[in-house]
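The values are calculated or read from the model by the stated rules, or taken from the named source; none is laboratory data. Computed from a prediction, not measured in an experiment: that's the story for all the values here. Positions of Cβ are backbone-derived with ideal geometry, glycine not excepted, and every protein chain shown enters the neighbour counts.
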Amino acid sequence: MDQAESLRLKKAQEAPRSLARVITVTSGKGGVGKSNTAINLAIHFKKMGKRVIILDADFGLANIEIMFGAVPKHNLCDLIYQGKSIRDIITWGPGEVGFISGGSGIAGMSNLSVDYLNYIIQNLAELDTIADIIIVDTGAGISDAVLEFLVASGEVLLITTPEPTSITDSYSLLKALGRHPRYVQSNTSIKMIANRVEKEEEGQILYKKLYAVVQRFLKLPMSYLGSIPQDQKLSRAVMQQVPVSIQDPGARSSLAYERIAARLLDKEAQIAPPRGMAAFFSHIIGRK
């Protein structure tokens, strides 16, 4: 990195800028509708006037691009190792929602030199000028990579279904999060979404069941955002690689995603101010 580039980065660091709101969507196990939730919330945020980017951090499983029916030309590895810009690696999907394929780039960031790491993080921080909301779609389960994303995020959306294994795995994920050495309870808001329920009351019962166990053994604060119903129209949309919120805006599932998106945009739902992407990635690689 030459002197001129260093001066530009320093000037960019000093200039005031708005910070994107980073929302991380996760689940204790696969197959519970995590990526569907990320995509459909993003579409409704866009309809509500927000600029949205999804970071597909489910390494090895390109769920977002498959559900969008779009193949990205570049991924995060190309920014880190090939000199591509942030705008180069964004693919625009349906509804003018952008997404970035994570590839395996993040896993190797901690091995980079300090100067180059600063350069990469400042490039990632440009997302704050492109998006108002950045949704991070993690892998499923309790891997180290998933936990690193969760401890770095100010907002965590936990997707759970009524299946006993989903409830158990959600609890295990929260247990692992609470024990993470860099997890700070006051910096993280955990919100649960009940997916694939027959009726709203089932979602509330599911939340109360998980909340009671979490409070008894983990003492982690958690709130309830709402539920997404079982919906054949959602299943059909997935098969056709079109988000249900675009293919059938009047579907029960689409209306449920819309309600949850509206709740998330409510000012009262924002417990902490946005951190932006530079702080998010700095936290992931263990830098203060």
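General remarks:
Residue-wise test of (1) of a type in the set (A, V, I, L, M, F, W, C); (2) over 20 Å from S153 (Cα atoms); (3) assigned to a loop (DSSP other than H, G, I, E, B); (4) out of contact with any Phe, Trp or Tyr (no Cβ under 9 Å at 6 or more places or on another chain).
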residue: T37; (1), (2), (3), (4): no, no, no, no
residue: A42; (1), (2), (3), (4): yes, no, no, no
residue: G49; (1), (2), (3), (4): no, yes, yes, yes
residue: D56; (1), (2), (3), (4): no, no, no, no
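- The one condition in (1) within 21 Å of V156 (Cα to Cα); (2) part of a helix (DSSP H, G or I) that S235 fails to fulfil: (1)
- Candidate set: segment 66-124, residues that are aromatic (F, W, Y) and modelled with pLDDT under 80; chosen: the one surrounded by the fewest Cβ atoms within 10 Å (Cβ to Cβ): Y116
- Taken as a whole, segment 176-189 holds at least one residue that is buried (at least 19 other Cβ atoms within 10 Å of the Cβ), in contact with a Phe, Trp or Tyr (Cβ under 8 Å, 6 or more places away or on another chain) and either modelled with pLDDT under 95 or under 17 Å from I23 (Cβ atoms) (or both).
- Single residue of segment 153-168 satisfying the filter (closer than 16 Å to M277 by Cβ and surrounded by fewer than 24 Cβ atoms within 10 Å (Cβ to Cβ)) that is modelled with the highest pLDDT: E155
- Restricting attention to segment 23-41, the residues being hydrophobic (A, V, I, L, M, F, W, C) and touching a Pro at 6+ places or on another chain (Cβ under 7 Å) number 1.
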